[in-house]
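Please treat every number below as a calculation from the coordinates, not as lab data. Predicted model, so just to flag it, every value in this text is computed and none were measured. All Cβ positions, glycine included, derive from the backbone under ideal geometry; neighbour counts span all protein chains shown.
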Amino acid sequence: MTRADIARWALALALATAATGPASAWAQDDADMVFGEEESGDEGADMDFAGAGDDTGGDTDMDFTDEGAAGAEEGAPTGDDALFEDLATPEGPVEDAVDEGPRRRVVDETIFAVQRLYALRINRVELIPSVAFSLNAPFVSRTAVSLGLNYWFTNVLAIGANFLWYDGLESETNLNFLVRRSTRLAVPINEYQFGTHLNFTYVPLYGKFAAFNEFIFQWDAYVVGGVGIQRTRPIPVIDPEVRTFDWSVRVAFNLGVGIRVFLTRWLSIFGEIRNYMYLEQLEALDVALGQDRFDPETWTQDSPAFTSNVTVHLGLTFFFPFEFEYRLPR
Amino acid sequence: MTTLRLLLLAAACLSAIAVAPAPAAAQEIQITGPLAGQPAVRRMRQYRANRIQLLLPTVGYTLQDQYSRSLMTGLEANVHFTDYLGIGVFGALANFGANFRINTDLTAQVRQNGQTTRSNRLSMPSPDAVEGLTGGFPDQVARLQGLVSLQLVFAPLRGKLSLFQGAFVDTDFYIFAGPALGFVAERANLVGEDAEVCLTDPPPGEGIVSDDCLLTQAQRKNRVAFTGTFGLGLNLYFNDFIGMAIQYRAFPFAINPGGTDEAGAPRNGATVSQPDNQIDGADRRFYYHHMINLGLIITLPPQANLTQ
């Protein structure tokens, strides 16, 4: 223990004694007390904290205003607060900690709009199971199950990956058949097997909601984006008797936004809209004649088509570890 | 020195216990602070209670349309009895009163690559325009005209959000539902003898579709569909009386989106509906109309109430 520590503890002891004792007297009205080294006897001096009452003049009343506290150490609490605050303070200046008698100051208790994050994310891992379905695929219902994993290396930034499995969950809607029957137009479509993507997540928005002014829960909104692969193949609709297609891998980019609502400090529900974009090789609209009809080179279109699969994810997120240490700012 | 620290701590504690006016002092310290003893939300602005919320205007865009999209511009007014419950009306016109068309890519593809044969000439007399007779497939597509609804608004969640810890706005989340009227213009019915013009061959040398049949492609019929509407939204309040609404609204009702003959005949085991050589109500199918709306919120009176 250093001399500074000893001085701090001594100050704490002194303040505890000084603060708790006279505290009740402060509340008394019209208290005529003189703490001067010598009683001045000046009329009108209800309380005199000066070393000599004469020096301060005869009209010094108790002054609890900011001006009255001028000269006091900025930010130095008094009374019970001072005791416990000082006890809790690991380090701090003590050289000028001289008992100058009772003081008051305005404590800066600024309330921040979002004062404290409900659930810290930094250095936690987030496991994200969800179901996904497409918003912009009228011909094929693209349903998938998805699993994602994020590592939060700051409180607002994460790196992660997700995996979507479509095969067996997709289904062709009636629309394609109806369009073919009514307009004789065949729309080339494709199917997905799976997609897996690396992505970054950034949380620019967070806040809290009150339900009926009774319950408060936290939420945040995020943007997510990255790159990955999509394994797809065309569904033969132009010449299904001859054409069959194998799965192949496409490079895909994704960009989305989402909202996460915390149910506990480690469990949340989330909804996300993410656009998976890639270049798709679609089935050729023309059927080659003769033996060329059986040549797979003639089965696909000459140039790939930009494909955008706007997907909604709904699911849960689990944060690991469940517990985290929150350090209160002082 | 550890012993000295313990002694000082013990002395401090004893001193505090001995001199403190009441044992409750320690407890008071623990709960001392701006939030001590306060309700969950204190002096909360009530943006809705006993106020009228106007959305002037709302601008929306329909989603997942098969053949035509709609830009919906309208108004919304909600009267709130409490901060979480109110009733209101919503009305919107599509494409500024159907003054323009927004076709999907599928409509463009049908117009460009669709083919009319004897078997589908009732469904689509012509994919492309024929001068003086028809504008082609886009002429027969059903198009939304407008939407009017009553709605019950329930706003259970009230909060605020922080943007980069630098900008803060109050917000609330709400859901709504109610009855609605959907206004739609569809291809006119073709039944009985009217349909025959598209089912019989024209005189030799005039192709497979008669002029009379081509004329039916652009014939329209306005219809009002009774339906319901529901949705959810997020309001952002910039001050007591101005804000912005982001809203999702659904209003499903059956239409014949392509103006084609899709149903009416017995299925006879088929998994899809069978055409009956008529264009009528049987060809309508469930259509999930939905859209995203943005709106400028003006709340009256301009001063929000505060809770205790």
So which GluC sites (Glu not before Pro) in the range A:212-297 are both in a DSSP loop and have at most 15 other Cβ atoms within 10 Å of their Cβ?
A:E214, A:E241
Within a Gaussian network of chain B (alpha carbon springs, distance under 10 Å), most fluctuating of B:I297, B:I102, B:I255
B:I102
So which helices of chain B fit the span-like rule, where a helix is a whole DSSP H run, its Cα atoms reach 15 Å or more along the axis, and its mean Kyte-Doolittle is at least -1.0?
B:2-19
Where the centre of each part is set by its Cα atoms, how far does the range B:122-145 sit from the range B:163-241, in angstrom?
16
Can you find, among B:G228, B:T117, B:F176, the residue farthest towards the positive end of the dipole of chain B? Put +1 on the C-beta of Lys and Arg, -1 on that of Asp and Glu.
B:F176
In debye to the nearest 20, the charge dipole size for the range B:234-308, taken about the Cα centre with +1 at each Lys and Arg Cβ and -1 at each Asp and Glu Cβ, equals 200
Normalised by the number of residues in the range B:75-148, what is the relative contact order in percent for Cα pairs under 8 Å and 6+ residues apart?
32
Can you pull a Stokes-Einstein diffusion coefficient for chain B at 10 °C (1.306 mPa s), Rh from Kirkwood over Cα pairs, as a whole number of µm²/s?
66
With 0.36 nm assigned to each residue of separation and the Cα-Cα distance removed, B:I87 to B:F226 gains 48.1 nm
Dipole magnitude of the range A:210-280, debye to nearest 20 (Cβ charges: Lys/Arg +1, Asp/Glu -1, about Cα centre)
200
Heads up, the range B:84-186 by the C-alpha gyration tensor (a ≥ b ≥ c square roots of eigenvalues; a/c under 1.5 rounded, else a/b over b/c prolate, else oblate) looks prolate
With charges set only on the Cβ (+1 for Lys and Arg, -1 for Asp and Glu), what does the dipole of chain B come to about its Cα centre, in debye to the nearest 20?
1720
Pseudo-spin-label distance B:V191 to A:L263, built 7 Å along Cα→Cβ, given in nm, is 5.1
